[in-house]
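What follows is a set of notes on a single structure, which appears directly below.
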Amino acid sequence: MVWMPRIAAVLLGLLVAAALLAVVWWQRVAPTTEGRLEVTGLAGEVSIERDAVGIPTIRGANRDAVLFGLGFAHAQDRLWQLETHRRIGSGRLSEAFGSAAVDNDKFLRALGVRRAAAAQWQQLDKDARATVLAYTAGINAYLNGHLKARPPEFLILGIHPEAWTPEDTLAWGIMMAWDLGANWTKELLRMRLSLSMPIARIDQLMPPYPGEKSLPVRDYAALYADLKIGATLGQQALLDAPESGVEGVGSNNWVVAGSHTVSGKPLLANDPHLKLTTPSLWYLARLEAPGFKVAGATMPGLPMVVLGQNERIAWGFTNTGPDVQDIYLEQIKQDDATRYRTPEGWAEFQSFSETIRVKGQADVVLTTRATRHGPVISDSGSIAMAGLTGSPAGPGYALALRWTALDVDASSINAGLAISGAGSVAEFIKAAEKYHAPMQNMVVADVTGNIGFIAAGRVPLRRADNDLHGLAPAPGWEARYDWNGFLAPGKTPREINPPRGWIATANQRIHGPDYPHFLTSEWTVPYRQNRIESLLKARPKHDKESLHRIQADIFSLGAQHLLPWLHQARPTHALGPTAIEKLASFEGEMRAADAAPLIYAAWSRELTRAVFADEMGGDEAFLREVGRGDFRAGLEGVLERDDAWWCDDKTTPAAETCAELINRSLDRALDELQQRLGADLALWQWGAVHQARAEHRPFSKVKALAPWFENRVATGGDTHTVNVARYHLKGDEPYLNEHAAGVRAIYDLSDAANSSVMHSSGQSGLVLSPDYRRFVAPWAAVTDLPLWGRGERKLVLHGLTAAK
């Protein structure tokens, strides 16, 4: 056995060599944060001073120099994130991820994001172009001169980063608008449902805002029947599209006037809700130049502070959710598939040849089209290529998307720069009127004590004879469904210094019944808004700590609304008596350590499926749609009406009642939870299954790599709590919290040093960095960091470009 020690020595040597290689690699891939670097594309010098948690303070001689530094810092800390943003915006995921991403790329190519970005770049004014070019130069200065080793994602996938372009920035801006868009998916859902149920039932499943009536629309079920529309039309587009329009994607913001604060000056709070990612979509930074000092949340890919505070104002956004997307049925000429029907006759499709390069496989060649309305999104899949016929004997149709964010002049770079440089509420409102997409509810406060709100963004005007109101796909050859211009920027909802002393938005209806213009009929149910308002009214004077407690609130008015029906349940399950005991004292506080919120969540999930799945085409069809919305308002209506039609399971001969479904759903929920967590309810905890999961692209989908790259932490709350924690109700882990407050901030207009911020991951996108997960625990605990500060490690970038 003399050979055994030799083998052991060889293995030990290999391990030591591997460890040394890893150390050398990490020393090379970790960003340089101290010293001096010579860079191309910069005139003069820029300093990047990082504090103990990795937040940079970037200083330069002027704004564009500072934005060069921001691009450099983004590339240092978030290079893989920039790479994914670039590939998403250009529909090039398949080059890195292989065939699994082809359908996604097809949809993005059909949507034409990159084409729209290129057109928008040509329309930008000189100042905005200079800003984007400076930021782009900063990213590329790092890539071309100071990237010593590739981050692990590049190594594992065997790809190299490419130069950033201005079009990449504009494409990512469009994709952020996509993430906050919803209407197109609801239009297609209504079209599909109309093939099997009357419009009155669809309006019950997708009811109007509380207190409002459904918009009067033409019988689109009869329309689609007359047109011989098939059930598959548009389904491939829904399957292939990147996620967007998820109910619960929104935000909270509120601003309190000095008359209602302890300091006598305004306080402003903001927490935008987007899909949780690792690293976070947000990157904190402080930018300083003569006449330009701003700090807050930036987004890698964009050359600005999106949400934050300067020396005179602070501001925050929530999503307005207007109806700025319309789907059009474009009739294809039967004897000439290159033409489609318009009000003036037949017109030729615009056609684009797309080549999608696929890792390890042959290229995919795709022809995409556009009409006078916009891109043909049904060109993303094979259904479109087969002619999209509902009946072999009927006409063929394509689906085109009209969307404000794709317009040539839709870039909001100019507005973003003007907003961050505004010096008063009045200047902010004026700057926000330049903003196009996605429409946002913006609240603002200034140091003189003013507070304000504006819903900023481009809103289409629809003709009086448009009897579909953008709720369902419209015949593209009828001129009455075309947009009739846009609402004047000065006519969007706004409010300045209201007598009540505060303004709050949480994606609810933002105007009263007397507002004369149509924005949407699909506002978010106002549970978060009502809770915020009640907490703001609960005390005469607020301070930072009281606003912090509101942000941390996990009382669910949505749960409270459903509890009377849950308390009526009479389960037959063996665990039923213990479950009823746990629920007896539950009033809607969604604490992570409790069992009652878990039982409630599982019951409401089962009940929603029991009520709606059979009418929606079965479990598979229901689960496909429930990821986009939880149909909570529809469920509440069914229970309030004790609606026998919905509660009856159409797949059985019996006539089930709502009471039977309430009981059965609790039994099934207890079955499910027993399988997941065992039979001892003392060990059940909401947070055990309701973990905040921040997805890493793409390694969350690789079982062996997911624990290393993605972030998880137990959380309380639900979709309807102020501290939002939305779960999707589907998949193997249906209670995962995947949409939450990616960043939280409180801005103090009496003392900027008291302003604070926190985001959901860490500043670094490098998995071995201590800053990769640094913020996860404090974020989950709803604690914060100072917004303003100074760095401890100083890096000076010395430009090799002569000043002009």
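The values are calculated or read from the model by the stated rules, or taken from the named source; none is laboratory data. Here the structure is a predicted model, which is why all the values come from computation and not from measurement. Heads up, the Cβs are rebuilt from the backbone with ideal geometry, glycines too, and the neighbour counts pull from every protein chain shown. Ligands, DNA and RNA are stripped out before the accessible areas are found, and what is left, the full protein with its side chains, is counted by its heavy atoms. Shrake-Rupley method; radii C 1.70, N 1.55, O 1.52, S 1.80 Å.
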Along Cα→Cβ, 7 Å out, is where each label goes; now give me the distance between the ones at L677 and K730 in nm to one decimal.
-> 2.4 nm
Subtract the Cα-Cα distance of A552 and D643 from 0.36 nm times their separation in residues, and report this length gain in nm to one decimal.
-> 29.1 nm
Taking the convex hull of the Cα atoms, report for segment 651-804 its projected area averaged over all directions, in nm².
-> 18.1 nm²
Which of the peptides 739-749, 205-215, 681-691 is most tightly packed, and how do the rest follow, going by the mean number of other Cβ atoms within 10 Å of each residue?
-> 739-749, 681-691, 205-215
Built amide H within the under 5 Å cut-off of D649, gap 5+ = E656
Taking segment 550-620, the whole-percent share of alpha-carbon pairs separated by over 15 angstrom is 58 percent
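Using the heavy atoms of the protein chains and a 1.4 angstrom probe, tell me the accessible area per residue for the chain in square angstrom. Could you put the intermediate results ahead of the total?
Working: 30030 Å² over 804 residues.
I get 37 Å² per residue for this part.
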What are the ³J(HN,Hα) values, in whole Hz, obtained from phi via the Karplus relation 6.51 cos²θ - 1.76 cosθ + 1.60 with θ = phi - 60°, for each residue of segment 557-571 in sequence order, with x given for Gly and Pro?
-> 5, x, 5, 4, 5, 8, 4, x, 6, 5, 5, 7, 5, 10, x
Pull up the cross-link candidates among the lysines for K434, meaning alpha carbon to alpha carbon under 17 Å and not fewer than 8 places away within one chain.
-> K126, K491
Rounded Å value of the spacing that divides the Cα centres of segment 582-601 and segment 129-187 | 42 Å
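If I take R0 = 30 Å and measure r between the Cβ atoms of A100 and D409 in this structure, what FRET efficiency does the formula 1/(1 + (r/R0)^6) give, to the nearest 0.05?
0.25
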Please give the FRET efficiency for S353 paired with R591, using the beta carbon to beta carbon distance and R0 = 60 Å, rounded to the nearest 0.05.
-> 0.60
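Counting other Cβ atoms within 10 Å of each Cβ, which GluC sites (Glu not before Pro) in segment 694-800 have at most 14 and sit in a DSSP loop? Write out the running numbers ahead of the final one.
Details: sites: E695, E710, E738, E792; in loops: E710, E792.
Here the sparse-neighbourhood loop sites are E792.
Highest first, please rank the peptides 763-775, 27-39, 145-157 by the mean number of other Cβ atoms sitting within 10 Å of their residues. Intermediate results must be reported in sequence, preceding the final value.
Details: 763-775: 20.2, 27-39: 14.9, 145-157: 16.8.
For the peptides 763-775, 27-39, 145-157, the packing ranking is 763-775, 145-157, 27-39.
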If amide H atoms are built 1.01 Å from N in the plane of the peptide, which residues on other chains or at least 5 residues away come under 5 Å of the amide H of N319?
-> S251, N441
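For the pairs K106/K186; K430/K537; K293/K430, note any where the Cα-Cα span goes beyond 28 Å. Mind dumping the intermediate values first?
On the way: K106/K186 21 Å; K430/K537 30 Å; K293/K430 20 Å.
Those over the limit are K430/K537.
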√(5λ) per eigenvalue of the Cα gyration tensor, segment 362-514, largest first, Å = 40, 19, 13
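When 1/r is averaged over all different Cα pairs and the result inverted, which Kirkwood radius in Å belongs to segment 575-669?
Numbers: mean 1/r = 0.0705 Å⁻¹.
Computed over segment 575-669, the radius equals 14.2 Å.
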Where labels lie 7 Å past Cα in the beta-carbon direction, separation of A43 and D751 in nm | 4.2 nm
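For segment 632-673, compute the orientation-averaged projected area of the C-alpha convex hull (one quarter of its surface), in nm². Working shown, then result.
Details: hull surface 13.6 nm².
Mean projected area of the Cα convex hull: 3.4 nm².
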Simple spin-label estimate for Q334/E495, 7 Å along Cα→Cβ, in nm, reads 5.6 nm
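Please list the equivalent ellipsoid semi-axes of the chain, computed as the square roots of five times the alpha-carbon gyration tensor eigenvalues, in descending order and whole angstrom.
On the way: eigenvalues 314, 220, 193 Å².
Semi-axes, largest first: 40, 33, 31 Å.
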Under a 5 Å amide H to amide H cut-off, with H placed in plane at 1.01 Å, what residues pair with W502 once short-range neighbours are removed?
-> A257
